[in-house]
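S.K.: Structure below; questions to follow.
The values are calculated or read from the model by the stated rules, or taken from the named source; none is laboratory data. Computed from a predicted model, the values in this text were never measured in an experiment. Every residue, glycine among them, receives a Cβ derived from its backbone with ideal geometry; neighbour counts consider all protein chains shown.
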Amino acid sequence: MALRQIRIMGDKVLEKKCREVTEMTPRMKELIRDMLDTMYDAEGVGLAAPQVGVLRRIVVIDVGEGPIVMVNPVILETEGTQTGSEGCLSLPGQAGNVTRPNYVKARAFDENMEEYELEGTELLARAICHECDHLEGIMYVSKVEGDLYEVEAEAEEEPYEEEETV
Ligand code: ZN
């Protein structure tokens, strides 16, 4: 298990557009494994490569249904809206209300560069949108309605209030 340092908002790497992955290399597979380790360690539900300082179009997500690896993800369809609390591992301790589609259909490649399609609603739809934004250098704070607010940083101290940090 290898953890990578999560970049915090203000770091210029989070403001840059990521490049496509053209070939799956051992180094890229190691990056994906490290991203999953880092996401689980930080108790997030998603992580994008720029958050660990790599400008490649790779995201990992787990909303409690197992790990999802998305290489070169493209959102194909969206439907409906949902407005709710959103946070980011690159801005610990804060959250804000963001409106996202309630349904997303996306196409991506897995860690073996096999193409697949994925449909998600609610939290999964939110996570896909949030992580794909990272690949464009967009932080969720630019989409927050109203002000950011403080949330409990140590989730384990607040067992009844589970914050979803993507
Ligand atoms: Zn994020």
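S.K.: Are any residues in region 17-42 out of contact with any Asp or Glu (no Cβ under 8 Å at 6 or more places or on another chain) and exposed (fewer than 14 other Cβ atoms within 10 Å of the Cβ), and if so, which ones?
M.R.: Hits for region 17-42 are ARG19, GLU20, THR22, GLU23, THR25, PRO26, ARG27, GLU30, ASP41.
S.K.: Could you check, for region 68-78, whether at least one of its residues is away from the ligand (no atom under 15 Å from the Cβ) and among the hydroxyl-bearing types (Ser, Thr, Tyr)?
M.R.: Yes, some residue in region 68-78 is away from the ligand (no atom under 15 Å from the Cβ) and among the hydroxyl-bearing types (Ser, Thr, Tyr).
S.K.: Look at VAL63 and say whether it is surrounded by fewer than 20 Cβ atoms within 10 Å (Cβ to Cβ), within 15 Å of the ligand (Cβ to nearest atom) and β-branched (Val, Ile, Thr).
M.R.: When the stated conditions are applied, VAL63 passes them.
S.K.: Moving on. Taking the stated definitions as given, is VAL141 modelled with pLDDT of 95 or more, outside any strand (DSSP E or B), aliphatic (A, V, I, L, M) and within 16 Å of the chain's Cα centre (by Cα)? Give the derivation first.
M.R.: On the way: modelled with pLDDT of 95 or more: yes; outside any strand (DSSP E or B): yes; aliphatic (A, V, I, L, M): yes; within 16 Å of the chain's Cα centre (by Cα): yes.
Spelling it out, VAL141 is indeed modelled with pLDDT of 95 or more, outside any strand (DSSP E or B), aliphatic (A, V, I, L, M) and within 16 Å of the chain's Cα centre (by Cα).
S.K.: Only one of these is β-branched (Val, Ile, Thr) and part of a strand (DSSP E or B): VAL98, VAL63. Name it. So that I can check it myself, show each step before the final result.
M.R.: Values: VAL63 fails: part of a strand (DSSP E or B).
Of VAL98, VAL63, the one residue that is β-branched (Val, Ile, Thr) and part of a strand (DSSP E or B) is VAL98.
S.K.: Scan region 105-121 and give yes if some residue there is in contact (Cβ under 8 Å) with a residue 12 or more places away in the chain, surrounded by 15 or more Cβ atoms within 10 Å (Cβ to Cβ) and among the polar types (S, T, N, Q), otherwise no.
M.R.: Looking for residues that are in contact (Cβ under 8 Å) with a residue 12 or more places away in the chain, surrounded by 15 or more Cβ atoms within 10 Å (Cβ to Cβ) and among the polar types (S, T, N, Q), one finds none in region 105-121, hence no.
S.K.: How many residues are out of contact with any Leu (no Cβ under 6 Å at 6 or more places or on another chain) and within 16 Å of the ligand (Cβ to nearest atom) when one looks only at region 26-47?
M.R.: Of the residues in region 26-47, 6 are out of contact with any Leu (no Cβ under 6 Å at 6 or more places or on another chain) and within 16 Å of the ligand (Cβ to nearest atom).
S.K.: On to the next question. Could you please find all residues in region 114-146 being acidic (Asp, Glu) and out of contact with any strand residue (DSSP E or B) (no Cβ under 7 Å at 6 or more places or on another chain)?
M.R.: First pass over region 114-146, keeping only residues acidic (Asp, Glu): 114-115, 117, 119, 122, 131, 133, 136, 145.
If the condition is that a residue be acidic (Asp, Glu) and out of contact with any strand residue (DSSP E or B) (no Cβ under 7 Å at 6 or more places or on another chain), then GLU114, ASP133, GLU136 are the ones that fit.
S.K.: Being among the hydrophobic types (A, V, I, L, M, F, W, C) and not in a strand (DSSP E or B) is the filter here, so list the residues in region 102-126 that pass it. I'd like the intermediate steps shown before the answer.
M.R.: Taking region 102-126 first, the residues among the hydrophobic types (A, V, I, L, M, F, W, C) are 104, 106, 108-109, 113, 118, 123-125.
Within region 102-126, MET113, LEU123, LEU124, ALA125 meet the criteria.
S.K.: While we're looking at this one, here's another question. Only one of (1) over 20 Å from GLY10 (Cα atoms); (2) buried (at least 16 other Cβ atoms within 10 Å of the Cβ); (3) among the hydroxyl-bearing types (Ser, Thr, Tyr) fails for SER90. Which number is that?
M.R.: Result: SER90 fails condition (1) only.
S.K.: Let me ask another. Being under 17 Å from GLU122 (Cβ atoms), of a type in the set (A, V, I, L, M) and modelled with pLDDT of 95 or more is true for just one of VAL45, VAL74, VAL59, VAL52. Which residue is that?
M.R.: VAL45
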